[in-house]
Structure formats: structure tokens, C-alpha cells
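Structure first, commentary second.
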Amino acid sequence: MKVTGFTFVRNAIKYDYPVVEAIRSILPVCDDFVVAVGNSEDATLKLIENIDPSKIKIVNTVWDDSLREGGKVLAVETDKAFQAIGNESDWCFYIQGDEVVHEKYLNTIYNSMKQWKDAPEVDGLLFKYLHFYGSYDYILASNRWYKYEIRVIRNNKNIYSYRDAQGFRKNDSQKLHVKAVDAYIYHYGYVKNPRKMKLKVENSSKLYHDNNWLEKNIPQGDEFDFGGKDTFKYFTDTHPQAMLQRIAEKNWDFNYQDSQNRSTLKDRFKNFMNDYLNINLNYKNYILIK
């Protein structure tokens, strides 16, 4: 069985993406790795080149910054990396530049790929998610944030990145048939120094909206307001080894207050159905094979 990892990235240093940690976290279960490195304003290319030259293949790309509808450019860049994977690979392990896998899940993930390798009805593997916010000590518990997504796909070039690269579809927008894997993706996209976070949000918004929207909706100021905008839970487990140095270098405070914790009745109901009855009432971009 051959496994190829893949991702895309641009301006990782400027916007403080933990893309090195992301790649290194799954590299042990990948035979090789394809990274689509976009035209950057910093030393992102050198950053990726220095990870593991023996395993990593770099595809240099130029982003089409005119693709502002729904973050489509992110899917386009994902597809560039996926299409560069050779036909000899069985599975393709996708990781985004702010996602990291804990090493304790690697054996489970690898064994799942091995288990379903010769089952053509399985298009991919579905992962659970932990969304960290503001600090490495808190995770979001709101149902406005996706709880599951596909991160391992079969090396079938009829599969393509969907919408803003959150998930995948195949052929004429068919949902993938997937098996659930008992492993989490740790999403650190909203854990940054408030100044870096403000820059990242401004840049990300440009991938979805025109200048008029940006002028009306992006708050002024140099720092991102992490305010009480959602429901939080204190994180009591360990972080991936790949993240420990970054966490030790954290240089800001997240002033979370219990009074900021906002949970609607709808959220509480959905969480109960998911956590205790294993019934997911959220939007599903996949068909789960039981």
C-alpha cells in the first residue's frame, strides 16, 4: 500500500500558518508528499524545501486572485496538488496548513487505510475535528463549526476538491462514500497572536468577498477581537508533539470569561444528539458507510 500526503500553501510565514507542523504530523504514514506552493511574498518555498527533501515534491503554482466566489481558489490549489500525485499511490492523505494530527492516531489511520484499500466502494475516510480558538487551552463546541470532514481519499482522479476545499466530491458533484476513522484533526486556524490573526482574517476574507464587502465588514484596528462569540470548552488532553514548540512560544493572552460562553438551545440539542446518541444533525458533505 502506498500513501501520498498532499496540501497547498502560500505566505505561510507572513500569516503564521503551522504548515510545517501539519506536514510533519502525518509524514510518518506517508511514503511521499506533494505540496502546491503558491506565489508567496515570504520564504514559504524555502520553508517547505527544508522539511524533508527525500519525501516532499513541490509543485510551484500561481494563485488566481480573481476567484473570490466562495473561496474557490482554495479548491483549485488543492486540486493542483492532488493531480500531481502519481497513479501508483493507493490513498491520498490531505492536510490543510492549519491542521495537525496527533501521533497517537497514526496507527489507527494507517490500519484503516490498509483495511479498506481493496474495498472500491470506500472513497475515503472521515475524521472528527477539534477546533481550537484564541488559545491552545480552549476548543469550540458550537455546531456552527463542522464536526467531521474527509481527509483521506482514494487516488481516483474523478475526485475533486469541493467549494472552498473543506471537503471533496466526485464526478457530477456526487458525495463520497466514506468510512469513519476514530481519529481527530486538530484545527489551529484561529489560534494566533491577535495581530497575526487580524492579518490572516483580512487575507482569507479576500478569497471570498469583493472590496466593497471588505470595507463594510472588516473591523478597524491592528488586532483581532477574539471576544465571546461562541461556545467554548476547556481542553484537558495533550497536543501533538509537532505542535509543542509552537505552543511553548505562545506570546499572547486569551482573556476568556465564562460569561462570554454562548450556547443556544439548538446547539445544546445537537450536541446531545451527537455526543450521546451518535446522531449527527449537521450538514454532511459525505455519505457514511456503516
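Computed from the coordinates by the stated procedures, all read-outs in this text should not be read as laboratory data. These figures come from a predicted structure and were not determined experimentally. Please note: Cβ atoms are built from the backbone with ideal geometry, for glycine as well, and neighbour counts cover all protein chains shown.
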Given the candidates ILE287, VAL73, ASN211, the one whose Cα lies deepest towards the positive end of the charge dipole of the chain, counting +1 at each Lys or Arg C-beta and -1 at each Asp or Glu C-beta, is ILE287
Along the principal axes of its C-alpha atoms, what lengths does the chain span, in descending order and rounded to whole Å?
51, 48, 38
Under the helix-only model (-39500 (n - 2.57) for each DSSP H run of 4 or more, divided by the residues of the chain), the mean residue ellipticity at 222 nm, to 500 deg cm²/dmol, is -7500 deg cm²/dmol
Placing +1 on the Cβ of each Lys and Arg and -1 on the Cβ of each Asp and Glu in the chain, which of GLY189, ASN111, VAL59 has its Cα farthest towards the positive end of the resulting dipole?
ASN111
Give the residue from HIS131, ASN158, TYR146 lying farthest towards the positive end of the charge dipole for region 121-177; charges sit on Cβ (+1 for Lys and Arg, -1 for Asp and Glu) and the dipole is referred to the Cα centre.
ASN158
Please report, in whole Å³, the volume per residue of the convex hull around the C-alpha atoms of region 193-247.
126 Å³
Count the DSSP beta bridges whose two residues both fall in region 1-120, then state the antiparallel fraction as a percent rounded to the nearest 5.
0 percent
If the only charges are +1 at each Lys and Arg Cβ and -1 at each Asp and Glu Cβ, what is the size of the charge dipole of the chain around the Cα centre, to the nearest 20 debye?
700 debye
Charged-residue dipole, Cβ positions (Lys, Arg, Asp, Glu), region 61-130 about Cα centre, Debye nearest 20:
240 debye
Classify region 47-161 from the C-alpha gyration tensor, please: rounded if a/c falls under 1.5, else prolate or oblate depending on whether a/b exceeds b/c.
rounded
Determine the percent antiparallel among the DSSP beta bridges restricted to the chain, to the nearest 5.
45 percent
